[in-house]
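The values are calculated or read from the model by the stated rules, or taken from the named source; none is laboratory data. Computed from a predicted model, the values in this text were never measured in an experiment. Neighbour counts are summed over all protein chains in view; Cβ atoms, including those assigned to glycine, are modelled from backbone coordinates with ideal geometry. The accessibility values were calculated without ligands, DNA or RNA, using every heavy atom of the protein model including side chains. Shrake-Rupley method; radii C 1.70, N 1.55, O 1.52, S 1.80 Å.
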Amino acid sequence: MKECPVCGKTFRPHHKTQVCCSKKCVNERRQRESIAKRIRICEVCGKEFVMPHPSGKANRGAVKEGRFCSRKCYGVWLSEKMTDPVKKQYGFKEGATCRIYISECPTCKQKFTAKDSRKKYCSSGCMYDHNKKNKVIRYENNWKQREPFKCSYCGKLHIPIYRDTSSVYCSVSCRKRAERKIKRCQANAYVRTSAERNGERFDPMDVLVRDGWRCQLCGKKLNPKHRGSYRDDAPELDHIIPLSQGGEHSKRNTQCACRKCNLAKGSMAEGQLLLFG
């Protein structure tokens, strides 16, 4: 058994030369070794930094790289090396230094170094988390509790849940029933419009007035004010021979009926066709 130098986990190696427990630990070990080889100290400001990957000439020792942490320090080194006429020609300022700003990240509360005083976050992830948190707080402060409303299908008073701003139904079952009702009404409207194209056009009020606002199935007197409601005694226009069975849309094939009798009749043919409209 061996102990992984990266994660400290004990494992059984597959061969004698295996050092780490997994490929992830191998890559992390190589990355640490690479960073340790590239650590340098700036010759101007004395800051410790990690230089980029050196070129082939730097590895052979032909070029000296990694002497300065930034272009500012390199400019200071050049300004000290150059003579006064050359400094005036290139516009070097006297007393230039490489400034390092130490600030605290408002998200993770850790201190970090930055080359710009305007940088507030240590990474883009902390900036994203901070902005997302502030956005949620602003939304919760501006959001108001919605008032109770009546369900558009069953008519019951419903108290909406938190952050519910656009619902119309009190439950999922009411929503599905309403969707089925809408589809059924659309299908009936399609059948009705196709029958109207082949039949005659007339006002339904003429048939209701012709029958004296009396149900032709049960003989009950109906109130014209209840037309369009969901009452059992609401007057409706009924087809004697339903459209689904090939009946025509005309005055002689229609009659006045109450809502209760019309629903009980369904798609059955009840009544007698009139000799004239």
| Inter-probe distance in nm under a simple model that places probes 7 Å from Cα toward Cβ, at residue 24 and residue 48 | 2.8 nm
| Extension reserve of the residue 65-residue 168 stretch, reckoned as 0.36 nm per residue once the Cα distance is removed | 30.1 nm
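By accessible area of protein heavy atoms, probe 1.4 Å, what ranking do 203, 164 get, highest first?
Reading off the accessible areas and sorting them downward yields 203, 164.
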| remark: For residue 103, the residues 5 or more places away or on another chain with a placed amide H closer than 5 Å to its own amide H are 112, 114
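Provide 70, 55 ordered by accessible surface of protein heavy atoms (probe 1.4 Å), highest first. Can you show the working numbers first?
Values: 70 25, 55 50 Å².
The ordering from most to least exposed comes out as 55, 70.
Just reorder 263, 222, 217 by solvent-accessible area, largest first, 1.4 Å probe, all chains present. The partial results should precede the final answer.
On the way: 263 120, 222 10, 217 55 Å².
Most to least solvent-accessible, the answer reads 263, 217, 222.
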| field | Distance in nm between pseudo-label sites at residue 146 and residue 38 (7 Å out along the Cβ direction from Cα) | value | 5.4 nm
| Given 0.36 nm per residue, what is the gain on full extension from residue 114 to residue 201 after removing their alpha carbon distance, in nm? | 23.1 nm
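Once the piece of chain linking residue 80 and residue 209 is laid out straight, how much longer is it, given 0.36 nm per residue of separation minus the C-alpha distance between them? Each step should come with its number before you reach the end.
On the way: separation 129, 0.36 × 129 = 46.44 nm, distance 10.98 nm.
Length gained, residue 80 through residue 209: 35.5 nm.
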